[in-house]
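Here's the structure we're looking at; comments come further down.
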Amino acid sequence: MSAARAILLEVGGLGMIREILFKQNYLQDPRRATILVDELNAAIWVWLGNDVDSKTRKAVMQVAEKIRSEGYQSKADGISIGQNCSQIVVLDQKSLSEPGVQENHQTALNLFSVPMVEEGRFVVRFNASPTAAAAAPAASVQEGAKDYAIAGILIASILSTTPEIMIGRSSLGVYTIEIAEGTLKFQATGGNIQLLTGSIGINDDIQKAFQENIKFLK
């Protein structure tokens, strides 16, 4: 069986294609329309960020259809890729709250955890079978569970100081908590709390409660 490869492409409103580095954030950026050509899963993943206009959305689908029928020849690396990619899977950020779209998005993101080597500037080759690719996320289960636990400890710490709060969580893992002082926005990543732009700070009482509660996780 030949090696499975992948490449990321950014598409503009006129259908112009730009080869981009193989980074996960390109499938999470609200400003981008991105195509992931994925031979491992025989899929063409189409990421449509919230801020992508209708003209670009139409153009990216036309590019995806062409790749499905013809494959893609990397201009920078001179490698043909995607001849076996028979399905197009749309990942529209506006629909990420839907379970099926969430699952597909996670499957695409899991690809970045599969062992790979660079075959050029933009094309990567996987050192795994499709079965191994599906199993790859298991390695990060423990870390993900810890992130959930830390987020829960922070929420519990807020509740211990401010009983009446409103909590929300987006499909991208952004927690939004409304308290009397304002809005607290954060993500739990890599075992740490990261405050996001537009968030108020964490006051001394919450910090003290958090430091006490986090001891039970260590």
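Here are the numbers:
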item	result
Failed criterion for S69 (all others in (1) closer than 30 Å to A209 by Cα; (2) at pLDDT 85 or above hold)	(1)
Residue selected from region 120-143 under the condition at pLDDT 90 or above and of a type outside the set (A, V, I, L, M), by the criterion surrounded by the fewest Cβ atoms within 10 Å (Cβ to Cβ)	R121
Among residues of region 156-178, those that are over 18 Å from the mean Cα position of the chain (by Cα) and either over 27 Å from P30 (Cα atoms) or not aliphatic (A, V, I, L, M) (or both), counted	13
Within region 33-55, tally of residues that are within 14 Å of K94 (Cβ to Cβ) and of a type outside the set (G, A, S)	7
Residue list for region 1-44, restricted to those being within 20 Å of A59 (Cβ to Cβ) and under 15 Å from the mean Cα position of the chain (by Cα)	L8, Y26, L27, D29, P30, R31, R32, A33, T34, I35, L36
Check on G120, free of Cβ contacts under 8 Å to residues at least 60 places away in the same chain and over 28 Å from A3 (Cβ atoms)	no
Within region 150-218, strands (runs of 3 or more DSSP E) holding 3 or more residues that are in contact with a Leu (Cβ under 7 Å, 6 or more places away or on another chain) and either buried (at least 17 other Cβ atoms within 10 Å of the Cβ) or charged (D, E, K, R) (or both)	182-189
Residue within region 19-32 that is in a helix (DSSP H, G or I) and surrounded by 18 or more Cβ atoms within 10 Å (Cβ to Cβ) present	yes
Hits in region 60-111 (condition: part of a helix (DSSP H, G or I) and aliphatic (A, V, I, L, M))	V60, M61, V63, A64, I67, V101, A108, L109, L111
Those residues of region 33-67 which are buried (at least 18 other Cβ atoms within 10 Å of the Cβ) and in contact with a Cys (Cβ under 8 Å, 6 or more places away or on another chain), in sequence order	V37, D38, E39, A43, I44, I67
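The values are calculated or read from the model by the stated rules, or taken from the named source; none is laboratory data. Note that this is a predicted model, so its numbers are computed, not measured. All Cβ positions, glycine included, derive from the backbone under ideal geometry; neighbour counts span all protein chains shown.
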